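Below is one structure, written out as structure tokens; the observations come after it.
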Amino acid sequence: MPPPTKRQKREQYRQTHQTNPSTSLPKKKFYRQRAHANPFSDHQLTYPTIPSQMDWSPHYPAFINPNATTSPKPLTKPITIADIGCGFGGLLVALAPLLPSSLLLGLEIRTQVTEYVQDRISALRAQHAPPPLPPPISTSSLPSPDRSASASSSPPLVGLYQNISVLRTNTMKFLPNFFSRHQLSHIFLCFPDPHFKTRKHKARIVSETLCAEYAYVLRPGGYVFTITDVEELGMWMGERFGGFGKRGDGGGEERGLFERVEVPEEGEEGVWEREGGERAEVGMLVRCVREETEEGKKVGRNGGRKFVGVWRRREDPAWPGE
């Protein structure tokens, strides 16, 4: 028999890693796939008709309400942070311990990349699993007050990385199928495909149509973070977010649904983080999108520039006559 091909080795490795999960992190070389995917193709994806029909129990088992009588069982808290086009999950893994009280979801269209992030999260959860609870102590000989105190139940320990997951889907088509109106507090768009050719601009992840969907799922006061190493694409995204929702009739103040937020210069994020308030949050998140994503690390190694944009969602305008 000839030796197995590279493709066979990759398939054998992934199958073994998924059927026998371990605490060792997966190797990226066994999850190779083309850098780009056509968002207009039929990728045979499954998705709920409405967000309440989505079963999140395989993704966040530590945050499922066990006492719920509905099916599927709902989460104990909603997902509030979405990393669209999460790639190999660097930003998700970096934000998980920084935002332990939030649920984060990565959205990725490529099959093998999604499998890598799933296996990476499983390994990290196994590495940081909480210690087993000690056996219960008999309280039969204790006085009544102590016995009632020991009988009170304490919340179960939740290990690190239980608050992140990844989902294979096409965000350009199905974003409102997973998130309800004003559900998200943060959206990250890190190093999206630039689609340089003019005829390919319709496939960019930021457009007038998609800005409407981002505004729908993002709560007022929420943030959109964008980063790219292509200056023209950075300007494109800024123009779309900055101009979305502005009235073109010339009447009244022209205010869009997104307003630009000042961002720290590269290397100054730590100063912002120490100031507190909104600047501390923006500084911490900008540092993560610059330094923790795989593409951001690659651009840094090659000495490239990174163009960051942050946009805050404004309140919905009042209806005419209100």
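Only the coordinates and a few stated rules stand behind these numbers; no lab work does. On a predicted model such as this, the values are computed, not experimentally measured, just so you know. No Cβ is skipped: glycine too gets one built from the backbone with ideal geometry, and neighbour counts run over all protein chains shown.
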### Cross-link pairs beyond the 27 Å C-alpha cut-off, checked among Lys200/Lys298; Lys77/Lys173; Lys29/Lys297; Lys27/Lys202; Lys200/Lys246; Lys246/Lys298
Lys27/Lys202; Lys246/Lys298
### Message
Per residue of the range 160-165, what does 6.51 cos²θ - 1.76 cosθ + 1.60 with θ = phi - 60° give for ³J(HN,Hα)? Whole Hz please, x for Gly and Pro, Karplus curve as stated.
### Response
5, 6, 6, 9, 10, 7
## Note on the structure
Here, chymotrypsin sites (Phe, Trp or Tyr not before Pro) of the range 163-255 satisfying both criteria (DSSP loop; at most 11 other Cβ within 10 Å) are Phe196
### Task
Taking the Cβ of Ala37 as the centre, find all other residues whose Cβ is under 10 Å away and add up their charges (Lys, Arg: +1; Asp, Glu: -1).
0
### Query
Of the trypsin sites (Lys or Arg not before Pro) in the range 205-293, which ones lie in a loop per DSSP and count no more than 16 other C-beta atoms within 10 Å?
Lys246, Arg247, Arg255, Arg274
## Note on the structure
Net charge (Lys, Arg +1; Asp, Glu -1) of residues whose beta-carbon lies under 14 Å from that of Arg305, Arg305 excluded, is -2
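Under the rule a/c < 1.5 gives rounded, and otherwise a/b versus b/c splits prolate from oblate, where does the range 46-111 land using the Cα gyration tensor?
Taking the square roots of the gyration eigenvalues as a ≥ b ≥ c, the range 46-111 is oblate.
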### Summary
In whole percent, the Cα-Cα distances of the range 257-322 spread across 5 Å bins from 0 upward as 3, 16, 21, 19, 15, 10, 5, 4, 4, 2, 1, 0
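Tell me the net charge near Asn65. Cut-off is 14 Å between Cβ atoms, Asn65 excluded, with +1 for each Lys or Arg and -1 for each Asp or Glu.
+1
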### Task
Would you pull out the residues with amide H under 5 Å of Leu103's amide H, same chain only if 5 or more places away, H placed 1.01 Å from N?
Thr80, Ile81
### Task
May I ask which residue of Thr228, Gly238, Thr198 lies farthest towards the positive end of the charge dipole of the range 193-245, with charges of +1 (Lys, Arg) and -1 (Asp, Glu) on Cβ and the Cα centre as origin?
Thr198
